[in-house]
Structure formats: structure tokens, C-alpha cells
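One structure is given here, and the rest of the page talks about it.
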Amino acid sequence: MTNSHVPSVPIDAVPAEFDAVDGWGSAAPAPAQLLDVREDDEWQLGRAPGAVHIPMTDVPARLDELDIDAEIYVICRQGGRSIAVVEYLNQIGYEAVNVSGGMVAWQQTGRPLAGDGPEAKIY
């Protein structure tokens, strides 16, 4: 899913640092954040190891968990929810981009997944 007025990037343009829990190492603050806006059950099944989880409806109340100075990559399952969150974040002063194809594309391209069950998966 795409929207011509929302900045978007393909999966291969998302920094590889998000492939690991501590991908940015000692860089504090990290120059970028990967924000996963899916629901809790989706997050538990499979996620990018370096992502921050804030469900879409909770984003306005949890802005303090986002770094206003970082580039924020927003991801959901396929791109619908993340587009709405990117629009919101950009309107209030964050530098946010939508990750095209979402976590479905993440899994399809073979990027690593973490999860709470025996096998991490998106679909």
C-alpha cells in the first residue's frame, strides 16, 4: 500500500541495524527508530528484532518513547496503518517515513524475525 503524499521507502532501504536488538550498539541516541504500529497479537507472532512497539491507537499518548531527532521508520503488516501514523508524526514535527509492504515484505525478503512463540512469522 502506498500514498503519493506520504514519504515511503522499500524494505531494502530500511537500515540493517534494525535486524538486531542492539543494532545501533552504543550510539546514543540512535540516529533512527523502527516503529511497529501493529496490535499486540501481531507483534508477539513476529517482529523486526530492533523495532519499538507502540500500537497505532497508542501513538499519541506514547510520543515520549520516540526520539524527535531520529528518523522514524514506521511499519505495520502491509502499510495501511503505518501510512496514517507517518502522516500524524510528520504533522507534529517528527521525520517519519512509511516502510512499503510492511512486515509481510520484511518476511518475504528474508530479514530476521523475533517472536514470542516457537517460530516467528508474519503470515
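Within region 80-103, does at least one residue satisfy the condition of being modelled with pLDDT under 95 and either surrounded by fewer than 19 Cβ atoms within 10 Å (Cβ to Cβ) or closer than 15 Å to Phe18 by Cα (or both)?
First, the residues of region 80-103 that are modelled with pLDDT under 95: 80.
Narrowing further to those that are either surrounded by fewer than 19 Cβ atoms within 10 Å (Cβ to Cβ) or closer than 15 Å to Phe18 by Cα (or both): 80.
Among the residues of region 80-103, at least one is modelled with pLDDT under 95 and either surrounded by fewer than 19 Cβ atoms within 10 Å (Cβ to Cβ) or closer than 15 Å to Phe18 by Cα (or both), which makes the answer yes.
Looking for whichever is farther than 16 Å from Pro112 by Cβ, out of contact with any Leu (no Cβ under 7 Å at 6 or more places or on another chain) and of a type outside the set (Lys, Arg) here; the options are Asp58, Asp36. Which one fits? Break it down stepwise before answering.
Values: Asp36 fails: farther than 16 Å from Pro112 by Cβ.
Answer to the check: Asp58.
Filter region 1-14 down to the residues that are under 25 Å from Leu63 (Cβ atoms) and buried (at least 17 other Cβ atoms within 10 Å of the Cβ) and list them by number.
The answer is Val6, Ser8, Val14.
What about Glu119, is it acidic (Asp, Glu) and modelled with pLDDT of 95 or more? Break it down into steps so the answer makes sense when it comes.
Values: acidic (Asp, Glu): yes; modelled with pLDDT of 95 or more: no.
No; evaluated as a whole, the condition is false for this residue.
Any residue at all in region 53-74 that is open to solvent by 40 Å² or more (accessible area, probe 1.4 Å) and touching a residue at least 60 places away in the same chain (Cβ under 8 Å)?
No: region 53-74 contains no residue that is open to solvent by 40 Å² or more (accessible area, probe 1.4 Å) and touching a residue at least 60 places away in the same chain (Cβ under 8 Å).
Identify, please: which residue in region 41-51 is open to solvent by less than 70 Å² (accessible area, probe 1.4 Å) and outside any loop (DSSP other than H, G, I, E, B) and is, among those, nearest to Glu119 (Cα to Cα)?
Arg47
Residues in region 25-40: is at least one in contact with an Asp or Glu (Cβ under 7 Å, 6 or more places away or on another chain), open to solvent by less than 30 Å² (accessible area, probe 1.4 Å) and closer than 18 Å to Asp12 by Cβ?
Yes, region 25-40 has at least one match.
From the list Val104, Val86, Val74, Val21, which one is aliphatic (A, V, I, L, M), under 11 Å from the mean Cα position of the chain (by Cα) and either assigned to a helix (DSSP H, G or I) or more than 19 Å from Val6 (Cβ to Cβ) (or both)?
One residue alone meets the criteria, Val86.
Check off (1) crowded, with 17+ Cβ neighbours inside 10 Å; (2) outside any loop (DSSP other than H, G, I, E, B); (3) touching a residue at least 60 places away in the same chain (Cβ under 8 Å) for Arg111 and give me the number that stays unchecked.
Unmet condition: (2).
Take Gly117 and decide whether it is surrounded by fewer than 19 Cβ atoms within 10 Å (Cβ to Cβ) and in contact with a helix residue (DSSP H, G or I) (Cβ under 7 Å, 6 or more places away or on another chain).
Working: surrounded by fewer than 19 Cβ atoms within 10 Å (Cβ to Cβ): yes; in contact with a helix residue (DSSP H, G or I) (Cβ under 7 Å, 6 or more places away or on another chain): yes.
For Gly117, the condition - surrounded by fewer than 19 Cβ atoms within 10 Å (Cβ to Cβ) and in contact with a helix residue (DSSP H, G or I) (Cβ under 7 Å, 6 or more places away or on another chain) - is met.
The values are calculated or read from the model by the stated rules, or taken from the named source; none is laboratory data. Model, not experiment: these values are computed from the prediction. Note that each Cβ is placed from the backbone with ideal geometry, even for glycine, and that neighbours are counted across all protein chains shown. Accessible surface areas use protein heavy atoms only, side chains included; no ligands, DNA or RNA. Shrake-Rupley method; radii C 1.70, N 1.55, O 1.52, S 1.80 Å.
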